[in-house]
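Following: one structure in structure tokens, then a few remarks.
The values are calculated or read from the model by the stated rules, or taken from the named source; none is laboratory data. Quantities reported herein were computed from a predicted structural model and do not represent experimental measurements. Here Cβ is always computed from backbone atoms with ideal geometry, including for glycine, and neighbour counts include all displayed protein chains. Just the protein is used for accessible areas: all its heavy atoms, side chains included, with ligands, DNA and RNA removed. Shrake-Rupley method; radii C 1.70, N 1.55, O 1.52, S 1.80 Å.
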Amino acid sequence: QVQLVESGGGLVQPGGSLRLSCAASRFIIRNYVMGWYRQPPGKQRELVATITSGGSPNYATSVKGRFTISRDDAKNTVYLQMDSLIPEDTAVYYCNLKIVLLDYWGQGTQVTVSS
């Protein structure tokens, strides 16, 4: 059973930064696309960023230029560096691994941007 564990969330002031981590276990992520999604309060889950096995990133328009997705396959871990945070970034952030037609999710980590 694939396990994804997110960490690094918290409370941050507008303009601040956070770095989220997603550690995978019981599965080697090297050859797979990994993604970060978020679910703001009262809204549906939305895509934030993805990264291919070759390291090519793709970002939602709302975070482009502020967030950076990366991966360290030696550590079986994916990261999301979030800079210039705004209140609209407040959400539960989830790590995603897609294997063919199956989606695997972590438990989520809360990010709150507030003064």
Worksheet item: Short version: ³J(HN,Hα) in whole Hz for each residue of the range 2-12, in order, from phi by Karplus 6.51 cos²θ - 1.76 cosθ + 1.60 (θ = phi - 60°), x for Gly and Pro, what are they?
Response: 5, 10, 10, 10, 8, 8, x, x, x, 9, 9
Worksheet item: When the convex hull of the C-alpha atoms of the range 1-43 is computed, what volume per residue in Å³ does it have?
Response: 120
Worksheet item: Expressed as a whole percentage, what fraction of the accessible surface of the chain belongs to carbon and sulfur atoms when a 1.4 Å probe is rolled over the protein heavy atoms?
Response: 50
Worksheet item: Taking R0 as 22 Å, what's the FRET efficiency between R45 and N76 from their Cβ-Cβ distance, rounded to 0.05?
Response: 0.40
Discussion item. I'd like the antiparallel share, as a percent to the nearest 5, of DSSP beta bridges with both residues in the chain.
Written reply: 95
Worksheet entry | Cα-based equivalent ellipsoid of the range 30-115: semi-axis lengths in Å, sorted from largest, via gyration tensor | 22, 15, 11
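Heavy-atom accessible area per residue, the chain, 1.4 Å probe: how many Å²? Mind dumping the intermediate values first?
On the way: 6150 Å² over 115 residues.
Roughly 53 Å² per residue, with all protein chains present.
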